[in-house]
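First up is the structure itself, then whatever we jot down about it.
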Amino acid sequence: MSKSFLLEPALGGLAARGRYRSRRVVAPAAGCNVIVDGKAAVSFSGNDYLGLARHPAVVAAFRRAASLYGVGSGASHLVTGHSPLHEELEERLADFLGRDRALLFSSGYAANLGVASALLQRGDVLIEDKLNHASLLDGARLSSATLRRYAHADVAALVARLNSAPPDSHCLVATDGVFSMDGDLAPLVDMTQACERSGAWLMVDDAHGFGVLGRDGRGSLDALGCGQGVQIYMATLGKALGVGGAFVAGSVALIETLIQKARTYVYTTAAPPAMAAATLAALDLLMSEGWRRDKLHSNIGFFRRGAASRGLRIMASETAIQPLVLGDDASAVEAGRQLLEAGFLVVAIRPPTVPEGAARLRITLSADHDEAQIDRLLDALESSMNIIRSKSP
Ligand SMILES: *Cc1c(COP(=O)(O)O)cnc(C)c1O
């Protein structure tokens, strides 16, 4: 007799602990406006930091390519799914970043699993920041490498991990460039030096830095001037670029290895060619509409000054991700509910996405926001914090 699946009690347990996740139906309206389960709100929760997802040039490129290539790619890249548009986008991304080659993946999740599965095997060591994105952590499982984690952004702890790795193992250090739930940057300059000294390779997942930081949006390595010491650069195309999918950039040998061995590259259908066309248009806009990045950064400054003057304790972050930690899950969920009532979509993030006791509102800013919307959000945050404080014992 095998064990039976007791799904309902498990779901009930999640609900009892306030950990049950459910989806809202969110329909887009103009700009950052959305309709959430039928109610109008301004969204401060998306990752479309530059407002490119519905940019007319991006949409037109998608349409044009769909009418030429059809909607689906029809096969994996290694069978017949690799179109001229995919090829052109890979070349453009490599050129833009000054790397030898780039390789497209259908999602960031797939890219991170793919790198680990191609480079590591049992006995190798994957060393990661405690707050890394789940997709980087899950790479250890697909590769069977040993996962070692270090305290967030603690380079001394990283060095200790490097020093204790078996001498005959391959060591890959992987980190978010901009941490997805905190918005801070990894200490990449010190990390590259530590990795170089020990012979480990460094991989940076720049999902939230690419398009936002550095010259023309070249990302966190460009902003910190440490690209040389990072062998593997990965970024997603569904956040600041507004489209979807992801890529890995690096040496010819790295990319060829991924093509041969990354399971999440080989065994999956290529993303639609129209997505590559839309991404090419978005890349053009990174350069031709640099004002979008300027506007985003000016919105970030406006938000932080307004939060400080209202006594809201936002975490230290210079990026589009501006978290307000409430601590317990119930307060974070309650604040999210009150904000929606006031016309703002701000999502509460709970464990296991963030550590226990660090539930938060993850506020994200975009070039599409204006200062009046941000001001009204700050007012709503202030009154919500007052209500929650007055209710807590
Ligand atoms: C969003 C995200 C991913 C996953 O990318 P998808 O394209 O959404 O699968 C990976 N890493 C980080 C840091 C992310 O924020």
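The values are calculated or read from the model by the stated rules, or taken from the named source; none is laboratory data. Here the structure is a predicted model, which is why all the values come from computation and not from measurement. Glycine also receives a Cβ, built like all others from the backbone with ideal geometry; neighbour counts cover every protein chain displayed.
Just for segment 173-185: of the residues that are among the hydrophobic types (A, V, I, L, M, F, W, C) and either more than 17 Å from the chain's Cα centre (by Cα) or under 20 Å from Asn163 (Cα atoms) (or both), which one is nearest to the ligand (Cβ to nearest atom)?
Within segment 173-185, the match that is nearest to the ligand (Cβ to nearest atom) is Ala174.
Which numbered condition in (1) assigned to a helix (DSSP H, G or I); (2) under 25 Å from Phe44 (Cα atoms); (3) touching a Phe, Trp or Tyr at 6+ places or on another chain (Cβ under 6 Å) is the only one that Ala274 fails?
(2) is the only condition that Ala274 fails.
Taking into account only those residues within segment 57-81 that are crowded, with 18+ Cβ neighbours inside 10 Å and not small (Gly, Ala, Ser), which is nearest to the chain's Cα centre (by Cα)?
So, considering only residues that are crowded, with 18+ Cβ neighbours inside 10 Å and not small (Gly, Ala, Ser), the one nearest to the chain's Cα centre (by Cα) is Val58.
Any idea which of Ala145, Ala223 is more than 11 Å from the ligand (Cβ to nearest atom), of a type outside the set (D, E, K, R), out of contact with any Pro (no Cβ under 9 Å at 6 or more places or on another chain) and more than 23 Å from Ile363 (Cβ to Cβ)?
Ala145
Of Arg23, Arg54, which residue is modelled with pLDDT of 90 or more, loosely packed, with under 12 Cβ neighbours inside 10 Å and within 22 Å of the chain's Cα centre (by Cα)?
Just one listed residue meets the conditions, Arg23.
Scan segment 230-276 residue by residue and report those that are more than 13 Å from the chain's Cα centre (by Cα), within 16 Å of the ligand (Cβ to nearest atom) and basic (Lys, Arg).
Arg263
How do the pairs read when you match residues in segment 254-276 that are farther than 13 Å from Thr80 by Cα with residues anywhere that are basic (Lys, Arg) and in a helix (DSSP H, G or I), using Cβ under 8 Å and keeping only pairs 6 or more apart or on different chains?
Going by the 8 Å Cβ cut-off, the qualifying pairs are Ala274/Arg63.
Give all pairs with beta carbons closer than 7 Å in which a residue from segment 100-126 that is among the aromatic types (Phe, Trp, Tyr) and in a strand (DSSP E or B) meets a residue that is modelled with pLDDT of 95 or more and within 11 Å of the ligand (Cβ to nearest atom); count only pairs at least 6 apart in sequence or on separate chains.
As it stands, the answer is Phe105/Ala111; Phe105/Gly245; Phe105/Ala246; Phe105/Phe247; Phe105/Thr264, since those pairs meet every condition given.
Here are the criteria: (1) near the ligand (Cβ under 9 Å from one of its atoms); (2) out of contact with any helix residue (DSSP H, G or I) (no Cβ under 7 Å at 6 or more places or on another chain). Tell me which single one Gly199 does not satisfy.
Among (1) near the ligand (Cβ under 9 Å from one of its atoms); (2) out of contact with any helix residue (DSSP H, G or I) (no Cβ under 7 Å at 6 or more places or on another chain), the lone unmet condition for Gly199 is (1).
How many residues are under 14 Å from Leu136 (Cβ atoms) and away from the ligand (no atom under 12 Å from the Cβ) when one looks only at segment 202-215?
Residues in segment 202-215 being under 14 Å from Leu136 (Cβ atoms) and away from the ligand (no atom under 12 Å from the Cβ): 1 in total.
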